Amino acid sequence: MNETMQTISRRYSCRDYEDRMPPEEVLQAIAQAAVHAPSAMNRQAWRVIVITDRALMEEMEAEGMSCLAAMEDKSAYNRIMDRGGKLFYGAPCMIVVPIDSTQHNYALTDCGILCQTIALAATSLGIANVICGLAGVIFGSSPRAEEFSKRLGFPEGYTFGCSVLLGYAHTTKPPHEPDQGKISFIR
Ligand SMILES: Cc1cc2nc3c(=O)[nH]c(=O)nc-3n(C[C@H](O)[C@H](O)[C@H](O)COP(=O)(O)O)c2cc1C
């Protein structure tokens, strides 16, 4: 297996981080990898917002947890509570990806590709990560959604697409067992 194939099979979702910030140059490299991602018609209708402000992340996390707690469907809230009650799992930094979904129907696909590019770049550089869609509540159902969108600098018309938490793993877990049954060849 070459290095790329090894990185793909090594990646896993980390849900327990050390309180240690990755170096600036590593975060820069991950952000650079992100903007290499392909996008439909090369529209790049996304932004890559790297947050290392711990106080802001704590505020966002608290808001996210109270949004999840207020939801009628408690399944997401209970899932996070079962995992220790922290939406960001102690990660010291994150990348938020807002998108302009008015441009074309592929905005969410582009966003997913961008997030996986971030996840693989991070993994290859020894940075644990997890794609965090649930952070969307902070920019969706929250009464402070507009405030947070402004503070993060979402361009006009952009909405939360997805996010990726980054840091050093406090505890690791093995990658999920790939389901070979998902693959078929038509020959
Ligand atoms: C679009 C998307 C959103 C996700 N959102 C969350 C999330 O909010 N919180 C979380 O802990 N994991 C989240 N995950 C991670 C998945 O739960 C994880 O990828 C899956 O369980 C497989 O585990 P693995 O990543 O370790 O292979 C998300 C993954 C994707 C692709």
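The values are calculated or read from the model by the stated rules, or taken from the named source; none is laboratory data. Treat the numbers as computed from the prediction; the structure is a model and nothing was measured. Reconstructed Cβ throughout: ideal geometry from the backbone, glycine too, with neighbour counts over all protein chains shown.
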For the subset of segment 2-36 comprising residues that are out of contact with any Pro (no Cβ under 9 Å at 6 or more places or on another chain) and assigned to a loop (DSSP other than H, G, I, E, B), which member is farthest from Ile99 (Cα to Cα)? Asn2
So Ala128 passes all but one of these: (1) surrounded by fewer than 20 Cβ atoms within 10 Å (Cβ to Cβ); (2) at pLDDT 95 or above. Which condition number does it fail? (1)
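Return the only residue of Ala70, Ala76, Ala91 being out of contact with any helix residue (DSSP H, G or I) (no Cβ under 7 Å at 6 or more places or on another chain), in contact (Cβ under 8 Å) with a residue 12 or more places away in the chain and within 15 Å of the ligand (Cβ to nearest atom). Full working, then the answer.
On the way: Ala70 fails: within 15 Å of the ligand (Cβ to nearest atom); Ala76 fails: out of contact with any helix residue (DSSP H, G or I) (no Cβ under 7 Å at 6 or more places or on another chain).
Ala91 is the lone residue from the list that is out of contact with any helix residue (DSSP H, G or I) (no Cβ under 7 Å at 6 or more places or on another chain), in contact (Cβ under 8 Å) with a residue 12 or more places away in the chain and within 15 Å of the ligand (Cβ to nearest atom).
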Here the qualifying pairs (Cβ atoms under 8 Å; residues six or more apart or on different chains; first in segment 37-66 and assigned to a strand (DSSP E or B); second modelled with pLDDT of 95 or more and hydroxyl-bearing (Ser, Thr, Tyr)) come out as Trp46/Ser39
Residues being within 20 Å of Ala31 (Cβ to Cβ), among the aliphatic types (A, V, I, L, M) and within 15 Å of the ligand (Cβ to nearest atom): count how many of those fall in segment 127-176. 8
So, of the residues in segment 90-124 that are part of a loop (DSSP other than H, G, I, E, B) and within 19 Å of Phe148 (Cβ to Cβ), which turns out to be modelled with the lowest pLDDT? Ser101
